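Everything on this sheet refers to the single structure shown next.
The values are calculated or read from the model by the stated rules, or taken from the named source; none is laboratory data. All of these numbers come straight from a predicted model, not from anything done at the bench. Each accessible area value is taken on the protein alone, full model and side chains, heavy atoms only, with ligands, DNA and RNA left out. Shrake-Rupley method; radii C 1.70, N 1.55, O 1.52, S 1.80 Å.
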Amino acid sequence: ATDAQLEEERRLFYVGVTRARTHLYLCHPPREPAAQSEKIQWPSRFLLELDEYGEGLLDHWGIEE
């Protein structure tokens, strides 16, 4: 993606996040089942940025298998 496309995606993410009234749940799958093995899925770069600059606004939850 070009810098302009990345900035547009970041802007759209920001707009979506700021529309939440009281609660917002952002999720990502921890693993993707594959034929032979599991492939790790990383969260969106924008979610990682929010975590880095969110000043403690995020709670991290996990699901045990």
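Consider the stretch 33-52 and keep the residues that are part of a loop (DSSP other than H, G, I, E, B) and open to solvent by 60 Å² or more (accessible area, probe 1.4 Å). The one that is modelled with the lowest pLDDT is Ala35. Every condition in (1) within 14 Å of the chain's Cα centre (by Cα); (2) at pLDDT below 85 is met by Glu55 except one, and the failing one is (1).
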